1. Would you mind computing, in nm to one decimal, how far apart the modelled labels at C:A118 and B:S359 are, each placed 7 Å from Cα along Cα→Cβ?
2. If you take the square roots of the eigenvalues of the alpha-carbon gyration tensor of region B:340-397 and sort them as a ≥ b ≥ c, do you get rounded (a/c under 1.5), prolate (a/b over b/c) or oblate?
3. Quick one: buried accessible area between B and C, total over both chains, 1.4 angstrom probe, nearest 100 Å²?
4. List the longest stretch of chain A that has no exposed loop site; here a site is one of the trypsin sites (Lys or Arg not before Pro) assigned by DSSP to anything other than H, G, I, E or B, with at most 15 other Cβ within 10 Å.
5. When the C-alpha atoms of region B:1-89 are aligned to their principal axes, what extent does each axis show, in angstrom, from largest down?
6. Longest span of chain C, sites excluded, free of chymotrypsin sites (Phe, Trp or Tyr not before Pro) in DSSP loop with at most 16 other C-beta atoms within 10 Å?
7. Given the rule -39500 (n - 2.57) for each run of at least 4 DSSP H residues, summed and divided by the residues of the protein assembly as shown, what is its mean residue ellipticity at 222 nm, to the nearest 500 deg cm²/dmol?
8. Given the C-alpha centroids of region B:172-228 and region B:261-338, what is the distance between them in whole angstrom?
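The values are calculated or read from the model by the stated rules, or taken from the named source; none is laboratory data. Please read these numbers as outputs of a predicted model, since none were measured by experiment. Reconstructed Cβ throughout: ideal geometry from the backbone, glycine too, with neighbour counts over all protein chains shown. Calculation scope for accessible area: heavy atoms of the full protein, side chains included, ligands and nucleic acids excluded. Shrake-Rupley method; radii C 1.70, N 1.55, O 1.52, S 1.80 Å.
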Amino acid sequence: MIPLSWYLTFAAILFCIGLYGVLVRKNAIAILMSIELMLNSVIINLISFWRYRAPEGISGQAFAIVVFAVAAAEVSVGLALIISIYRRRKSVVAEDMNLMKW
Amino acid sequence: MNFISDPVAFIADLLAKLLFRIGLSQIQVTVVSEFIGAFLLGVFGFSLVIFTIWLERKLYGRIQDRIGPNRVGPWGIFQTFPDMIKIFTKEYITPVGADKIVYNLAPILSVSAVLLTWAVIPFAPTIVGTDLNVGVIYLMAVGSIGALGIILAGWSSNNKYSLIGAFRAVAQVVSYEVPMILALLIPVLLGQSMGVNSLVYAQKVWFIFLAPVAAFIFFTSCMAETGRAPFDLLEAESEIVAGYQTEYSGLKFGMFYVGEFLHAFTISALVATLFLGGWRGPWAQQVPILGVAWFFMKTFLVYFVVVLIRISMPRLRIDQMLNFNWKFLTPLALVMLIVTAFVEKGFLLISPDLGLTDSALPWVRAGVHLFSNLVVVLITIQILKSHRIKAVRVVAKPRPVAVAPEPPASVIS
Amino acid sequence: MTAQQIIFLVVAAVTLIAGISVVTSRNLIHSALWLILTLAGVAVFYVLLNAGFFAVIQVVVYIGAIAILFIFAVMLTRRVMQDTGPQSNSYWWLGALIALLLFAGIALIFTNWQGFKALPPVMLDQSGKLVQLGLSLVSPDKYLLPFELASVLLVAGMIGAIYVAGEKKQ
């Protein structure tokens, strides 16, 4: 039997790895990949809480389905924006997208 | 259990007893027997390819009014073995600058995507790799791994034409997944389960009679996924050398080749399972081996249709293909899904009032669904007719009569 | 150590190593491939958690669509085929520190919660969850509203992505 702590610890480590990627990577697409890691860890958390706390109900799974949909929509819009910026500025380095900095 | 009614469990039991006698623990016995089962399934898939390659070449020959291979063995049935030996012994030429790990991974992904599909197809009521309760979506999932293999092959070859070929191929494969999954949802709706074996159990009347439009959409999308003609732009030799397979030689190309043939056979098996009733036939449930025979008969029938279409239709352009998908197949699949859902719900509401016997109920249901399909087909044909390119009547301008040009003034005087 | 625990540890190790390789790999396509391995590992976890439907949905949506989208985006936004220069900006130590602090904070919160080391309760009806999920997503007194909002979000995302990334005709 696998205790709940294993799943939660794993999800926390994955989330922190994703956070490190978001803060540290230069390429905007790599930042989006790290956001995907974070979203995956969130869904793991949701499903393990569903399984361990309320497996008779279905709220955990419905919540996770909505998070899947949100992740897919966010990735597609994010990548479309990055491609559009690349066409204009010929660069996908996040530091170069600084027109609106103060 | 005896051998007749449950052959796989009988053999697995014998194997487990043998392994226990050697002295393995329960878990190890389970793992070993499952590995052996998976291995046998994979070997079976590959050995089917040997037969289907021969079958396809003979069919090509006969339809093209020639004999086909007939030298190696009677009727040329051993022809595939010299071809295999030739492909094994060719040299591997890795292009300069290719990403070696990705370059070698791509054909493996392509082939495994096809082999994994065989895990959920039921050959008989009790002979099935694994009876997942989400088998239909599992089929979609492993189909999308094939698209991944294509793009990795195209990118890692360090070749512009491979990359462009891979882009077009992935555009086609990913686009045709949409009507495929929509058409897959219609048998799920009619059979009320997502497990493939449960869908075969639910087909007292074959689903091709309940949902012929869905069968057509599924069949067409699967042929486009595989890259069979008329959708074979993925590897059209006259257009883009060999597309994403250009830089592959030897066994790596052989794996792509085998994967494509196995994929064509797999989609025949899928259409036969989901729409033609799979292993259903007289006495199939009492004697599972007979179920295997019915299954293969239906699969070969569909495969014959696939080869027939491949050999008789010209190739579509990429924009024609994508237009066909997004402007025709996807709206049609969506409309069919909604119509089928409404008709099914209406039939469930009305059927207690009709007072039908238990044996006539599936047939009346089939008739109602068939009628709704026919209505949708007629409406579709009307819409297509109204979009026809209209002939333009050109009223010609009066043509000038040919006259000699005036000589320039300087010549006269 | 039961078989499930061994499988969990092996898959967790593979997934975490792949996750670290995603954020530290120099070649962006290799990052995308490591991401695919991570997503596949997470799909195995869904199977371990008796949520098989989510495992196949993970493969279809994430590996079959989002990962291919990432690979396409990487291929369309590079001038040459190789990557140049370091892939991390100069504050990588600060990012690592923040990630470690966050992990410590999460661990602290969890260890003070008494349900943390719970074992899974017995789940009786393992196969009926699919029907229950489908019904709950379309029942007005259950989760119909989030479902419809998610579909509106997807349509908006689709239209937005097509418009933003499409070529403007001159």
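1. Result: 5.4 nm between the two label points.
2. Note, shape of region B:340-397 comes out prolate.
3. Looking at B and C, the buried total is near 1900 Å².
4. Result, exposed sites excluded: A:1-89.
5. 59, 36, 17
6. C:1-90
7. Numbers: 26 runs with 463 residues, N = 685.
Taking each H run of at least 4 residues, the total per residue is -23000 deg cm²/dmol.
8. 8
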